[in-house]
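Everything below concerns the one structure shown next.
Bear in mind that the values in this text are calculations on the coordinates, not laboratory data. All of these numbers come straight from a predicted model, not from anything done at the bench. Note that each Cβ is placed from the backbone with ideal geometry, even for glycine, and that neighbours are counted across all protein chains shown.
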Amino acid sequence: MFIDSHCHLFYDDFKNDITDVITRANDAGVQYFIVPATNHETAKQAIMLAEQYPSIFVSVGFHPLDLKEFSTERLALIEGMIAHPKVIAIGEIGIDYFYDTSPREYQKEIFSFQIELAIRKNLPIIVHTRDSVQDAVDIVIRYAKSYPEWRIEGKRGVFHCFTGDAAQAKALFDSKFLVSFPGPVTFKKSTMPNLIKEIGIENIMVETDSPYLTPVPFRGKRNEPSYIPLIAQKIAETLDISIDEVARITTANAIKLFALPIA
Ligand SMILES: [Zn+2]
Ligand SMILES: [Zn+2]
């Protein structure tokens, strides 16, 4: 059994065939889906999906590229959604220096606000970075050190689509964070396989980031959770272990991180 630890199933891309998408994923062994919202509106949409499908869980928060949507009133709306039983994390939150749609200092401030919300609610975080891994690592590690009681029994969060180096990954692992890898791990020129060899499988998860980042051989088409085994297979080959082992460990990691109420 696999868990897709990051897929945006609320986007219009899936509007017409979401039930088929979920059925195809289940047929491919992908049993559960973590759907990260990007602002207060998509949080509502994600929660509606989770109410419809028992296999969907949701994170709520403001994505760094959606900060034009941010206000303290809307953050209060997000905070109100946390009581919903299908909301299992704060995310996706973070900093993005590639598109730079908001000033960097402002991105860091809102990222920090939302980490503080996660700490108050004792929830894990789903972190987005682009060209900003070191700054995000510094911020989360500072919080982890300041709040040792934050998820003392579990893990604190995941850096999704991890593009940092082995030293950054290990610093995250030491502070009880995980990293996850998407479809580009299957690309010919990807540096992710070498990184995975260095950091091992113990603290990693798999994700599609659907509808983006489609793995080979479907690159260029819409991504969907049924492609998770393609990513897992590449990781299995990279580490010279079985795909079942990849499934077992990455699934256990997701269940533990998000404290999923499943057997
Ligand atoms: Zn992201
Ligand atoms: Zn995402």
Given contacts defined as C-alpha pairs under 8 Å and at least six residues apart, what's the relative contact order of the range 1-41, whole-number percent? 65
In terms of modelled amide H atoms, which long-range or inter-chain residues lie less than 5 Å from the amide H of SER132? TYR97
If you wrap a convex hull around the Cα atoms of the range 1-126, how much volume per residue is inside, in Å³? 107
Among ASN26, ILE262, ASN203 the positive-end extreme of the charge dipole of the chain (Cβ point charges): ASN203
Neighbouring Cβ atoms within 10 Å as the yardstick, rank LEU239, LEU195 fewest first. LEU239, LEU195
Lys/Arg Cβ at +1, Asp/Glu Cβ at -1, dipole of the chain taken about the Cα centre: which of ALA43, GLY220, VAL140 is farthest positive-ward? VAL140
Which order do peptides 36-48, 7-19 fall in by mean Cβ count within 10 Å, highest first? 36-48, 7-19
Using θ = phi - 60° and the Karplus relation 6.51 cos²θ - 1.76 cosθ + 1.60, list the HN-Hα couplings for the range 57-69 in order, rounded to whole Hz, with x at every Gly or Pro. 10, 10, 10, 10, x, 9, 5, x, 8, 10, 6, 5, 7
Using a cut-off of 19 Å between alpha-carbon atoms, which aspartates and glutamates can reach LYS155, once sequence neighbours fewer than 8 places away in the same chain are excluded? ASP4, GLU92, GLU116, ASP138, ASP174, GLU202, GLU207
Within the set VAL35, VAL21, VAL137, GNM on the chain using Cα springs under 10 Å gives the largest fluctuation to VAL21
Around LEU172: net Lys/Arg minus Asp/Glu count, Cβ-Cβ under 15 Å: +1
Could you grab the relative contact order for the chain? Cα pairs under 8 Å, six or more apart, rounded to a whole percent. 20
Using a 10 Å cut-off on Cβ atoms, rank the peptides 80-86, 197-203 from the highest mean neighbour count down. 197-203, 80-86
Taking θ = phi - 60°, what integer Hz values does the Karplus form 6.51 cos²θ - 1.76 cosθ + 1.60 yield along the range 102-115, in sequence order, with x for Gly and Pro? 10, x, 4, 5, 5, 4, 5, 5, 5, 4, 5, 3, 6, 5
Karplus ³J(HN,Hα) for the range 156-162 (6.51 cos²θ - 1.76 cosθ + 1.60, θ = phi - 60°; Hz, whole; x = Gly/Pro) runs 9, x, 9, 8, 8, 6, 5
Which of the peptides 149-160, 204-215 is most tightly packed, and how do the rest follow, going by the mean number of other Cβ atoms within 10 Å of each residue? 204-215, 149-160
Do me a favour and compute the ellipsoid semi-axes for the chain from its Cα gyration tensor, root of five times each eigenvalue, largest one first, whole Å. 25, 22, 18
Under 21 Å Cα to Cα from LYS15, which lysines show up? Leave out anything in the same chain fewer than 8 places away. LYS44, LYS86, LYS221
